[in-house]
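**Q** I'd like to ask some things about the structure below.
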Protein chains: 2
Amino acid sequence: MTGIKKATIRDVAARAGLALGTVSRVLNDHPSVTPQARKSVQEAIKALGYQRDAVAGSMRNARTKMVACAIRDFDIPAFASYVKAAEGVFRRAGYTLLLASTSNEKDVELALLRGFAQRRVEGVMMTMSDEADAELAETIAGAPMPIVLIDRELLPDVDRVMADHQSGAEQAVQHLMSLGHRRIGMIVGDPAAYPSRSRIAGYRRVHAQRGVAVDEALIRDHALSNEIAFRETCALLSTADRPTALFVAAMDMLAGTLRALRSNGLQPGRDIDLVAGSDSDLAELGTPPISALSWDRAEMGRHAAEMLLDRIRDPQPRAPRCVRLPVSLVVRGRPYDGLPRR
Amino acid sequence: MTGIKKATIRDVAARAGLALGTVSRVLNDHPSVTPQARKSVQEAIKALGYQRDAVAGSMRNARTKMVACAIRDFDIPAFASYVKAAEGVFRRAGYTLLLASTSNEKDVELALLRGFAQRRVEGVMMTMSDEADAELAETIAGAPMPIVLIDRELLPDVDRVMADHQSGAEQAVQHLMSLGHRRIGMIVGDPAAYPSRSRIAGYRRVHAQRGVAVDEALIRDHALSNEIAFRETCALLSTADRPTALFVAAMDMLAGTLRALRSNGLQPGRDIDLVAGSDSDLAELGTPPISALSWDRAEMGRHAAEMLLDRIRDPQPRAPRCVRLPVSLVVRGRPYDGLPRR
């Protein structure tokens, strides 16, 4: 392509030697078109570099070939992996991806859904800040386009892709208890959303199984940024009876916790044991390397994109689908060599 | 908002007690509208939850209120920061951001530009894989919408935002030379694009100033992924006269190099000195922490978004603008305590 060509549908008709209506029928995949007419139009389109106006075209047949993805924050690497995988699936299917960030705020989520509907976006992949919010739930369930929820569980009629975060949290806490820890601090996000709610459930379940009482002060449940993870870790470390291990369960919050440990003069693996709730370069390449929970984020993005394309292509009502991906613990670093120390 | 309302412009006119044409003039910001009519229409819109169809609206006035950003890869955290900042600026201005990844391939870049034009995207922020490619240059210069280039220099007529990567590379190499190193390996990206080209120029300049001959075998210039950075680092380490220090200049490639060092049994700061070309949690929180080049990526995103909005709002031809952000070296970790060792 050199420059943007300006050939019109009239030019195509003239070059193909066909009536305008015939060209229009070819462009709209009308069944009454002969193979010969289709071939002539395709050749003329190619020769002239004709580009159909996507906005005008979408007015006629209500297909914008756009899908949208609303995520909490662009700069969380764990989200980027699934967006990247989803975008690959959409691109191969001829769809353009619109990406927006919500800052995990209900008002932004509602405004985005409204904007997507106005732009006739054909499908949306999203999370929701508060699964118990009736207005959000009603808006999502009643949206004019199919929606696939990412890591949310409370809208049973909507397709969704989730990771098994409760199992992950259970593995993390089991691991730390097997190293001798009984006071395990937990840095986690808002329980209004499935991932944090299920991680807290897993933490409690292992404590109950082992007969260890849960000290509620050890669960810090509103870490949505590394700044908050830093502050919450400092708060946990400043208590008289501080935890001997930390489960940094919130997504991509390990950096905040590591900064807090460093500013308190503590070294992971020597002074305190850690498990990260989501694997990262930082966990893998730390000294010592840090154990972390892992699931296939690219697979999550691919599943979500494929489910959405399925609904777009076949809008007949069908039972909602749920894909649940396994979470596993990657054990790293030297084992803690004794009982908790101060 | 509960659900997506279906009120029409006729419902608005009926409720406001005004003619359809008056309502249409209010919606299109026509100057001949009385304040009273505007108020009645606004009240009716609010009461009915009327939503103007954005696609139909954009047909009339050719404004889609969409801008696009094409980046090499979603999962490079350094790119995410500037996209996030740009998206904030666009959102506050009422624009929706379309995001696409190019895999650094010319064909994808051309296809995306074509798609953006067809969708009447009002402006584009992008890089380009090869600044010397005539077809890409012509397509960008002749695009029907304004374009802001990110970290590219060779199209003087196009607005652009860049970081001063040559100065950054000079600081990195100066620092390593001041620690006693003379054989400095460089892991860098493709010199077809400005950032890598200017980093290599900076590397050469400091060598010339210090009278140190450049061993071309030490410059590995096609690291576009952590997998390649891993392989290139291994290659450098396997040579008979291996480098005593590494400048990992490619964007966000430190993880690949750290994996290679670990698999070769080498520790940064003890066995080899490192400077990372872009700062990250991994550089800051490593043991020892790793010196890194830093520039304000959020500022880069904000500048690019504001330049683009300026061009969209005022399409009169004006001299192209270039914002160049400073790059500085964050020195970290214990200094290398002697001359190069093996």
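The values are calculated or read from the model by the stated rules, or taken from the named source; none is laboratory data. Nothing here was measured: the structure is a model prediction, and the numbers come from that model. Using ideal geometry, Cβ is built from the backbone for each residue, glycine included, and neighbour counts are taken over all protein chains shown.
**Q** Kindly establish whether B:LEU155 is away from chain A (no Cβ under 14 Å), under 20 Å from B:GLU306 (Cα atoms) and in contact with a strand residue (DSSP E or B) (Cβ under 7 Å, 6 or more places away or on another chain).
**A** yes
**Q** Continuing with this model, one more query. Determine the pairs where a residue that is more than 10 Å from B:GLY256 (Cα to Cα), located within the range B:217-232, has a partner that is of a type in the set (Lys, Arg) with Cβ atoms under 7 Å apart, the partner being 6 or more residues away or on another chain.
**A** As it stands, the answer is B:LEU218/B:ARG183, since those pairs meet every condition given.
**Q** Go through the range B:238-260 and count every residue that is within 14 Å of chain A (Cβ to nearest Cβ) and small (Gly, Ala, Ser).
**A** Here the count works out to 3.
**Q** How many residues does the range A:277-300 hold that are out of contact with any Gly (no Cβ under 8 Å at 6 or more places or on another chain) and either in a loop (DSSP other than H, G, I, E, B) or within 12 Å of chain B (Cβ to nearest Cβ) (or both)?
**A** Matching residues across the range A:277-300 total 10.
**Q** With the condition kept exactly as written, say whether any residue in the range B:207-217 is within 15 Å of B:LEU274 (Cβ to Cβ) and either surrounded by fewer than 16 Cβ atoms within 10 Å (Cβ to Cβ) or not acidic (Asp, Glu) (or both).
**A** No.
**Q** In the range A:120-129, which residues are assigned to a loop (DSSP other than H, G, I, E, B) and modelled with pLDDT of 90 or more?
**A** Residues satisfying the conditions are A:VAL121, A:GLU122.
**Q** Please list, ordered by residue number, the strands (runs of 3 or more DSSP E) wholly in the range A:138-250 having 2 or more residues that are under 19 Å from the mean Cα position of the chain (by Cα) and modelled with pLDDT of 95 or more.
**A** A:147-150, A:159-163
**Q** How many residues does the range A:89-119 contain that are of a type outside the set (A, V, I, L, M), within 8 Å of chain B (Cβ to nearest Cβ) and in a helix (DSSP H, G or I)?
**A** Residues that pass the stated criteria total 4.
**Q** Could we say that B:ALA141 is touching an Asp or Glu at 6+ places or on another chain (Cβ under 7 Å) and either away from every other protein chain (no Cβ under 14 Å) or not β-branched (Val, Ile, Thr) (or both) here?
**A** It is true that B:ALA141 is touching an Asp or Glu at 6+ places or on another chain (Cβ under 7 Å) and either away from every other protein chain (no Cβ under 14 Å) or not β-branched (Val, Ile, Thr) (or both).
**Q** Next question, about the same structure. Restricting attention to the range B:183-195, which residues are closer than 19 Å to B:LYS106 by Cα and crowded, with 24+ Cβ neighbours inside 10 Å?
**A** B:GLY189, B:PRO195
**Q** A:ALA319 is checked against (1) surrounded by fewer than 19 Cβ atoms within 10 Å (Cβ to Cβ); (2) closer than 22 Å to B:ALA255 by Cα and fails just one. What number does that condition carry?
**A** Unmet condition: (2).
**Q** Here is a further query. Is it fair to say A:ALA132 is in contact (Cβ under 8 Å) with a residue 24 or more places away in the chain, of a type outside the set (Val, Ile, Thr), more than 14 Å from chain B (Cβ to nearest Cβ) and closer than 30 Å to A:ILE272 by Cα?
**A** no
**Q** Looking only at the range A:130-182, count every residue that is of a type in the set (Ser, Thr, Tyr) and either within 15 Å of A:ARG199 (Cα to Cα) or surrounded by 20 or more Cβ atoms within 10 Å (Cβ to Cβ) (or both) and tell me the total.
**A** 2
**Q** If I go through the range B:261-276 residue by residue, how many of them are within 11 Å of chain A (Cβ to nearest Cβ) and within 13 Å of B:LEU236 (Cβ to Cβ)?
**A** Residues flagged as within 11 Å of chain A (Cβ to nearest Cβ) and within 13 Å of B:LEU236 (Cβ to Cβ) within the range B:261-276 amount to 1.
**Q** Between residues in the range A:251-263 that are on the phi > 0 side of the Ramachandran plot and residues that are at pLDDT 95 or above and assigned to a loop (DSSP other than H, G, I, E, B), which pairs lie under 6 Å by C-beta distance while being six or more apart or on different chains?
**A** Final answer for the pair search is none.
**Q** Further question: Take the residues in the range A:69-88 that are within 10 Å of chain B (Cβ to nearest Cβ) and outside any helix (DSSP H, G or I); name whichever of them is modelled with the highest pLDDT.
**A** A:CYS69
**Q** Continuing with this model, one more query. Considering only residues that are in contact with a helix residue (DSSP H, G or I) (Cβ under 7 Å, 6 or more places away or on another chain) and modelled with pLDDT under 85, which ones fall in the range A:13-23?
**A** Of everything in the range A:13-23, those that are in contact with a helix residue (DSSP H, G or I) (Cβ under 7 Å, 6 or more places away or on another chain) and modelled with pLDDT under 85 turn out to be A:ALA19, A:LEU20, A:THR22, A:VAL23.
**Q** Of all the residues that make up the range A:89-98, how many are in contact (Cβ under 8 Å) with a residue 40 or more places away in the chain and not β-branched (Val, Ile, Thr)?
**A** 3
**Q** If you don't mind, another one. Among the candidates B:VAL173, B:VAL188, B:VAL121, B:VAL212, single out the residue that is of a type outside the set (Phe, Trp, Tyr) and either on the phi > 0 side of the Ramachandran plot or not assigned by TED's automatic domain parsing to the domain that holds B:GLY269 (or both).
**A** The match here is B:VAL121.
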